[in-house]
Amino acid sequence: MRMRHSVVAALAASTLVLAACGGGDDDGDGGGSGDASGPGMINFYTDKGAWEPQFLEVSDVSETSLGLGLDFTGYSDAEQYSAFIRQSFRTDEKPDLFTWHTGSELEDLVAEDLLAPTTDIWQDAIDNGDVPEALREHFTIDDEQYCVPMNAAYWVMYYNKALFDQYGLTEPTSWAELMTVADTLRANGVAPFYETNILFSFVWFQTLLAGTDPDLYTALSTGEASYTDPGVVEVMEQWRGMLEDGYFGDPGDQTAPQDQLKNGTVAMINFGTFLSGQLNSVDMVSGTDYDFFVIPNVNPDLPQTSLIFETGPMCTAKDAENETSALQYAEWWMTEEAQTAWANARGDVSFNPKALVQDETLAELNEQSTSDGVRLLERYFEATPTPVLTAALDGFGAFVTSPGDPMPILETIQAEADAYWAEQG
Amino acid sequence: MIARILRPAVLIVLGLIWLAPIYLLLVNASKDPAQYAADQVWRPIGDFALFDNMREAWEIGGLGDAVSSTLLYSIVGPALAVLIGAAIGFAIVALRLKHGFFWFVLVFGGTVFPLQMILMPLFVGYVEAGVYDSRLGMIAIYTAITVPFAALVMRNFLGGIAHQVFEAAVVDGASTWRIFWRIYLPMSTSALVAVFILQATFVWNDLLLGLALSQSTEVRPLMTAVAALQDTYGGLQLTAVLAGGLLVSLPTVVLFLSTQRIFSRGLSLGQF
Amino acid sequence: MSAPATAAPTTPSGSAAAESRRRRRNPYGWPARGFSVPAVLVVAVLLYLPFLWTTWISFTEYNGLGSPSWVGLDNYRAMFDDPNFATSVRNTLIWVVGSITVPVGLGLLIAVLSFGMRFGSWLRLPFLIPYAISGVAVGVVWRFVLQNGGGLSQALDALGLPGADLRWLSDAPLNTLVMIAASAWQQSGVIALMYVIGLQSIPREPIEAARLDGASGWRMFRHMHWPMLRPMTTVVIGLSLVSSLKTFDIVWVMTKGGPGRNAETLAVTMYEETFVNSAYGAGSAVAVFLSIVTFLAAITYLRRQLSSERTV
């Protein structure tokens, strides 16, 4: 008994000792400026915690070629992450480099003058041909650029090649062909398309609307059009028809999309190109087990093919401890060297057309995306103001779970949109 | 006679139901990722790959880095909390602290605040106080967060000890500290241990505080690395995620197993 | 570890006469304060102080950046006007009722059945393991079990039972009910453990006396053990009350609040407002409301239980 208590006492005492020597303030590793011993380290924060190995791979490259490396801190929870970054601006722990979102999230930070501008970096990168001019507007607020693109992804249709071969199907080039493919699958008891009621519930709304009326899609995100407009209602009705006729897998199935495609639970997944990395991780081989195609427009009369893209920015806080090095790193990130390393580490496309993407189909898409026949549209998730998005995700989640009259849902979203745009003046 | 068979029978049947999800966890964590199929979760198909999966999670997730710091937090935080909780329980019950109920409610009231909402002010406060991303800071918050629970349990448990015990010790000339340390604490071993293991498990599994209050590898607790094994943006295969989750649960499972003896003592109630 | 097998001796409540004598003047005022200071201090600084900030934020409009602007009671008004708020309150109430009946009942059953039995503590282990398993693995496993056509549906189908086509996590209030079951799976063992400690501290003498009088089985439990377990019941229900009002993790992990927010609890509403919408003021208002409700519920319950047990 005496022994037990002395153990407790010893533990309590050891607290102070261990606490005193371990951890502490991290004033030792900050720098990158004039530190002779090894490469300088930049504090790097991201909500894509699962990408740590890939970020560190690129960091290895930068340590040799740039003399700067990433001190990685990953979050697995996007919401906690956003709150952490927001609050960190009040403190002395401002992040040197961090991933963020375009759209209203970015505007929030710029409105409070919290970011270091990157206008010069952008100009150089565009002059070098490292980044397409078209991307710039998403990083521009009041004629200044902020952040650099961390990644880019296009939303395409992945499919299970074995299933396509089994039923003698080929990649469709028109919406009608796509529907024929889907009907064949349906007739054979295979759910054609993946659907989920969590987070990515907006994907088919985005595809159907962008492929039917891209102008309306854009107008919706700027508040110029209403969710109750006939065009939007029509798209919802089309979606509802597809849901009711069994074109989709079970939206309540929380099995990861890559597993659903692998198992043949669904034959096709409408997803961002980052799914390639996830498919590779479940041992599916690009071109052999899976492939993808650009989703044809619903409306065949449109002059350009609507292609949804997303880009996540990498930003530097104004007055961060290593602001200069961080901006240097951001500049390097856009280069061919960095983007080749990044795209191949991730198994994804790159915004830099010069990057050597090993995956052939991805490389092809990389080129195709800059051609005239394609109209790039920002992903719904970034294009929509946060409160409107939240209401929309809730509404779409309920809609795909229990399809019904879309009007009440659209009215709810529009009410949120009205409130938002009224506040914006 | 019937009761002698019925009691274990009911427990065993219930126990098997309770173990069904654990079975799913084990079976699927042991599957070869290439052979894993979502529509066959119940069946143990394919090669036994539990250890490969664990190794993958351990290495890619970098779980090893965080084990020592997390161990420190889960032992020291709850140990301090149990003592602090027992101390106020002792003050209220044995020393008849004035307005005891008020002070007790004040301390217990610490649990009513939703943890998510104090993260941000804590983060800012920690940075300003210079304890952000330090082990001292982590221990402090883990202690604080477990004190209300410890206080409630210990206050009620110590309340079961007759006041005559205290009086007798006073007559013997013992100091209050000595009575607390030598009489009351030893008499509440099982409650102390129960609170300790429950709270140690809580701290070991904490993700939120770890995310908000730490940044460097030496300070960040284990679950921040575990949670990053898989998220919306991909990550490891499900089999490896499960194996990783299982692996990091081993210490707490062992803790529960090794303390069972303490809870097996007691009066037989064979008559039920 | 070796410790005396005799738990707390003699009866829980001291004699009333001795008590009133002592109440006149307390010679241990200063030591009592000394013993209380650490608990009060640590809780006040690390839990109350941060929440004070949250309370202030609830009267402002704030997106986490810049400085909050005072809006008075606007956030509270908007909260009560929001139709989703009613859903959250309803779901939270279901959680409270579910959590203070199902896991507490099961925990008591497990404790009483296993207590004093040979290998009883081993039979209790299956119920404790869920608590020891890390949340990440538990979340994945329950998704296996509860998703449409998942483990539970497959099992029901194989056993020829109805219900295989139910959409466990999609339809309200079914999703809340199955999540309560999942949470009972995690909590029952812990509650059983608490009750075991309670049973251990029951003194031997009155039980033996009752047994000599011929009491046994249900009557013995009802009239002897149950009243003596009351302090532990207070602890268990008090804790379940508080934690169920704050239910968040499981709902968020399994459903993000459910399709169309139909499984949302108050804590989920609070989280969504604050962290998803970055409407810190609105989220804080929900948090303050939730904390006040929780505090009042806890204090009312504890006051009744503790004061009837002994005046302190």
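The values are calculated or read from the model by the stated rules, or taken from the named source; none is laboratory data. Since we're looking at a predicted model, the values are computed, not measured. All Cβ positions, glycine included, derive from the backbone under ideal geometry; neighbour counts span all protein chains shown.
Quick notes
- Residues of region C:272-282 include at least one that is outside any helix (DSSP H, G or I) and hydrophobic (A, V, I, L, M, F, W, C).
- Of all residues in region A:50-76 being within 12 Å of another protein chain (Cβ to nearest Cβ) and in contact with an Asp or Glu (Cβ under 7 Å, 6 or more places away or on another chain), the one that is farthest from B:Leu207 (Cα to Cα): A:Asp71
One line per residue, one yes/no per condition, for (1) more than 28 Å from A:Thr170 (Cα to Cα); (2) of a type in the set (D, E, K, R); (3) not assigned by TED's automatic domain parsing to the domain that holds A:Ser88:
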site: A:Val294; (1), (2), (3): no, no, yes
site: A:Glu321; (1), (2), (3): yes, yes, no
site: A:Gln339; (1), (2), (3): yes, no, no
site: A:Trp342; (1), (2), (3): yes, no, no
site: A:Asp372; (1), (2), (3): no, yes, yes
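- So C:Val253, is it within 11 Å of chain A (Cβ to nearest Cβ) and in contact with a Lys or Arg (Cβ under 9 Å, 6 or more places away or on another chain): yes
- There is at least one residue in region A:195-213 that is in the same structural domain as A:Phe274 (by TED's automatic domain parsing), farther than 29 Å from A:Asn280 by Cα and either in contact (Cβ under 8 Å) with a residue 60 or more places away in the chain or in contact with a strand residue (DSSP E or B) (Cβ under 6 Å, 6 or more places away or on another chain) (or both).
- Out of B:Ala168, B:Ala194, B:Ala174, sole residue that is part of a loop (DSSP other than H, G, I, E, B), small (Gly, Ala, Ser) and more than 14 Å from chain A (Cβ to nearest Cβ): B:Ala174
- Of the helices (runs of 4 or more DSSP H) contained entirely in region A:359-408, those carrying at least 2 residues that are of a type in the set (Ser, Thr, Tyr) fall at A:386-401.
- Within region B:71-126, restricting attention to residues that are more than 7 Å from every other protein chain (Cβ to nearest Cβ) and of a type in the set (Val, Ile, Thr), the residue that is nearest to C:Leu296 (Cα to Cα) is B:Val93.
- Restricting region A:308-353 to residues that are among the β-branched types (Val, Ile, Thr) and closer than 30 Å to A:Ser88 by Cα, the residue that is surrounded by the most Cβ atoms within 10 Å (Cβ to Cβ): A:Thr316
- Selection count, region A:272-296, where residues are touching a residue at least 40 places away in the same chain (Cβ under 8 Å) and either within 14 Å of another protein chain (Cβ to nearest Cβ) or surrounded by fewer than 22 Cβ atoms within 10 Å (Cβ to Cβ) (or both): 16
- Of all the listed residues (B:Tyr36, B:Tyr23), the sole one being under 18 Å from A:Asp283 (Cβ atoms) and either over 25 Å from the mean Cα position of the chain (by Cα) or of a type outside the set (Lys, Arg) (or both) is B:Tyr36.
- Checklist (1) buried (at least 24 other Cβ atoms within 10 Å of the Cβ); (2) under 30 Å from A:Ala417 (Cα atoms); (3) at the interface with another protein chain (Cβ under 7 Å from one of its Cβ atoms) applied to C:Val235, failing item: (2)
- The set of residues in region C:257-274 that are facing chain A (nearest Cβ under 7 Å), in contact (Cβ under 8 Å) with a residue 60 or more places away in the chain and not charged (D, E, K, R) contains only C:Pro259.
The rows are residues; the columns are (1) farther than 20 Å from B:Leu213 by Cα; (2) in contact with a helix residue (DSSP H, G or I) (Cβ under 9 Å, 6 or more places away or on another chain); (3) free of Cβ contacts under 8 Å to residues at least 12 places away in the same chain.
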position	(1), (2), (3)
A:Phe72	no, yes, no
A:Arg90	no, yes, yes
A:Lys94	no, yes, no
A:Leu97	no, yes, no
A:Thr102	yes, yes, no
A:Pro132	yes, yes, no
A:Thr140	yes, yes, yes
A:Met150	yes, yes, no
A:Tyr167	yes, yes, no
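- Among the residues of region C:279-309, those identified as surrounded by 16 or more Cβ atoms within 10 Å (Cβ to Cβ), modelled with pLDDT under 90 and either over 15 Å from the mean Cα position of the chain (by Cα) or closer than 27 Å to A:Thr390 by Cα (or both) are C:Gln305, C:Leu306, C:Glu309.
- Answer from B:Val127, B:Val131 - the residue that is part of a loop (DSSP other than H, G, I, E, B), under 22 Å from A:Arg90 (Cα atoms) and aliphatic (A, V, I, L, M): B:Val131
Quick grid of which residues meet (1) within 14 Å of chain C (Cβ to nearest Cβ); (2) surrounded by 23 or more Cβ atoms within 10 Å (Cβ to Cβ); (3) assigned to a strand (DSSP E or B); (4) under 23 Å from the mean Cα position of the chain (by Cα):
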residue	(1), (2), (3), (4)
A:Leu178	no, no, no, no
A:Ala182	no, yes, no, no
A:Ile198	yes, no, no, yes
A:Val203	no, yes, no, yes
A:Tyr217	no, yes, no, yes
A:Leu220	no, yes, no, yes
A:Val233	no, no, no, no
A:Gly241	no, no, no, no
A:Asp253	yes, yes, no, yes
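- Within region B:34-64, being at pLDDT below 85, at negative phi and within 12 Å of chain A (Cβ to nearest Cβ) holds for B:Ala34, B:Gln35, B:Tyr36, B:Ala37, B:Ala38, B:Asp39, B:Gln40, B:Val41, B:Ile60, B:Gly61.
- Strands (runs of 3 or more DSSP E) wholly inside region A:59-172 containing at least 3 residues that are within 30 Å of A:Thr288 (Cα to Cα): A:148-160
- Apart from one condition, C:Thr247 fits all of (1) at pLDDT 90 or above; (2) outside any loop (DSSP other than H, G, I, E, B); (3) surrounded by 20 or more Cβ atoms within 10 Å (Cβ to Cβ); the exception is (2).
- Condition met for A:Ala326 (outside any strand (DSSP E or B), out of contact with any Phe, Trp or Tyr (no Cβ under 7 Å at 6 or more places or on another chain) and at negative phi): yes
- Number of residues in region A:305-320 that are assigned to a loop (DSSP other than H, G, I, E, B) and modelled with pLDDT of 95 or more equals 1.
- Selection from region A:105-125 of residues that are buried (at least 16 other Cβ atoms within 10 Å of the Cβ) and more than 21 Å from A:Thr324 (Cα to Cα): A:Glu105, A:Asp108
Yes/no per residue for (1) surrounded by 15 or more Cβ atoms within 10 Å (Cβ to Cβ); (2) touching a His at 6+ places or on another chain (Cβ under 8 Å); (3) part of a helix (DSSP H, G or I):
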{"residue": "C:Pro38", "(1), (2), (3)": "yes, no, yes"}
{"residue": "C:Leu49", "(1), (2), (3)": "no, no, yes"}
{"residue": "C:Gly64", "(1), (2), (3)": "yes, no, no"}
{"residue": "C:Asn75", "(1), (2), (3)": "yes, no, yes"}
{"residue": "C:Ser88", "(1), (2), (3)": "yes, no, yes"}
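- Between B:Phe180, B:Phe123, the distinction of being under 27 Å from B:Ile197 (Cβ atoms) and buried (at least 22 other Cβ atoms within 10 Å of the Cβ) belongs to B:Phe180 only.
- Total residues in region A:87-117, condition farther than 30 Å from A:Thr390 by Cα and in contact with a strand residue (DSSP E or B) (Cβ under 7 Å, 6 or more places away or on another chain): 0
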